[in-house]
Amino acid sequence: VASKDNLSRRMLAIRDAALADLGDSVPGYTITSIRRDPHSDVALQVAGTFEVPNFLDGEGEPGQGFHYASTEGPDRLPVRNGTLSAPFLCNIPSLAMPRPARLALYGHGLLGSHEEIDYGTAVREFALAHDVLFCATKWAGLSEDDIANSIATLQEISNFRTGADRMQQGILNFIVLGRLMLHPRGFRADPAFGGIAFGDELSYDGNSQGGIDRK
């Protein structure tokens, strides 16, 4: 049995603290690769990493739970523990070149990765048909990086909080990626994105796990 406050206050606390730290600034990011026309329906693919306030122990790797100050008690909240680096992958559809693109975050399936944005034709065909610029990152807590910890948790349920805590960090990672997509000094101002016009609204689309767990 848990209250709404008990279920949501840690996530809301790390969101509010991270956004307060960011203020009106742009999260740090690094472009690691640019591919032109990797598919006939994708004009440009941009990959890299971005910086996110870390609220987990260690460096935020799988198996780590929330980082707390020394104060014990049921009402304690996570505190920031530096910064972590998360990957991103963006696909710019061919239609986006002559007109503004709709912006959307993409959520991958169970224990998958951000590279699902590029699998098969379903996501790319959808993006082309509706002029959607998709960017994705890994759902920390339930991505390919978390398979070993998920197996360990099935064998030792007292480890469960490490997965739950990292999933909340994963939601924060998506929020920060969204900031990069919307901010006037973020991706839209970076020549790596081909100088295309970005839309002014951000949507979310996901499949399987990414379509049911993050509403």
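Residues Thr83, Thr137 ordered from highest to lowest accessible area at a 1.4 Å probe: Thr83, Thr137.
Each of Ala152, Ala192, Gln169 was scored by the projection of its Cα onto the charge dipole of the range 111-215, and the greatest displacement toward the positive side belongs to Gln169; charges sit on the C-beta of Lys, Arg, Asp and Glu. Neighbours of Gly60, meaning other residues whose beta-carbon lies under 14 angstrom from its beta-carbon, give a summed charge of -4 when Lys and Arg score +1 and Asp and Glu score -1. Solvent-accessible surface (1.4 Å probe) assigned to Ile175 amounts to roughly 60 Å². In the chain, carbon and sulfur make up what percent of the accessible area (probe 1.4 Å)? For the chain, the apolar C and S fraction of the accessible surface comes to 54 percent. For the chain, the longest principal axis of the Cα atoms and the long axis of helix 4-22 meet at an angle of about 60 degrees. With springs connecting C-alpha atoms under 10 Å apart, model the chain as a Gaussian network and identify which of Asp41, Asp118, Asp75 has the largest mean-square fluctuation. Maximum fluctuation in the GNM of the chain, among the listed residues, is at Asp75. Taking the C-alpha atoms only, the angle from helix 160-182 to the longest principal axis of the chain is near 30 degrees.
A simple rule links phi to the HN-Hα coupling: the Karplus curve 6.51 cos²θ - 1.76 cosθ + 1.60 with θ = phi - 60°, which for the range 55-66 gives 10, 9, 5, x, 9, x, 6, x, x, 9, x, 4 Hz, with x for Gly and Pro.
Annotation: amide H of Gly112 within the under-5 Å range of Glu144, sequence separation 5 or more or interchain, hydrogens built in the peptide plane. Please report the net charge: other residues with Cβ closer than 9 Å to the Cβ of Tyr106, K and R +1, D and E -1. Cβ neighbours under 9 Å give a net charge of -2. Rounded to the nearest 20 debye, the dipole size of the range 1-81 about its Cα centre is 140 debye, using +1 on the Cβ of Lys and Arg and -1 on the Cβ of Asp and Glu.
How charged is the neighbourhood of Ala152? Take every other residue with its Cβ under 14 Å from the Cβ of Ala152, and add Lys/Arg as +1 and Asp/Glu as -1.
Values: positive: Arg161, Arg166; negative: Glu61, Asp145, Asp146, Glu156.
It works out to a net charge of -2.
Computed 3J(HN,Hα) for the range 100-117, one whole-Hz value per residue from the Karplus formula 6.51 cos²θ - 1.76 cosθ + 1.60 where θ = phi - 60°, is x, 9, 6, 9, 8, 8, 10, x, 7, x, 4, 6, x, 8, 5, 6, 4, 4, glycine and proline marked x. Per residue, the accessible area of the range 73-215 comes to 46 Å² when a 1.4 Å probe rolls over the protein heavy atoms. Note on Ser158: accessible area is roughly 90 Å² with a 1.4 Å probe, heavy atoms of protein only.
Centre-to-centre separation between the Cα atoms of the range 111-140 and those of the range 27-76: 17 Å. When His114, His67 are compared by accessible area of protein heavy atoms, the largest-first order is His67, His114, using a 1.4 Å probe.
Mind grabbing the base-10 log of I(q)/I(0) for the range 134-188 at q = 0.19, 0.20, 0.25 Å⁻¹? Debye formula, identical points on the C-alpha positions, no solvent, two decimal places. The Debye formula, applied to the Cα set alone, gives -0.66, -0.70, -0.90. When the residues Ile117, Ile151, Ile157 are ordered by accessible surface, computed with a 1.4 Å probe over the protein chains alone, the sequence from largest down reads Ile157, Ile151, Ile117. If you work out Cα Rg over 2.2 N^0.38 Å from the coordinates, which of [x] 1.05; [y] 1.20; [z] 1.29 do you get? Comparing each candidate, only [x] matches the computed number.
The values are calculated or read from the model by the stated rules, or taken from the named source; none is laboratory data. A quick note: this is a predicted structure, and the numbers were derived from the prediction, not measured. All Cβ positions, even for glycine, are placed from backbone atoms using ideal geometry, and neighbour counts span all protein chains on display. Surface areas here come from the heavy atoms of the whole protein model, side chains and all, with no ligands, DNA or RNA. Shrake-Rupley method; radii C 1.70, N 1.55, O 1.52, S 1.80 Å.
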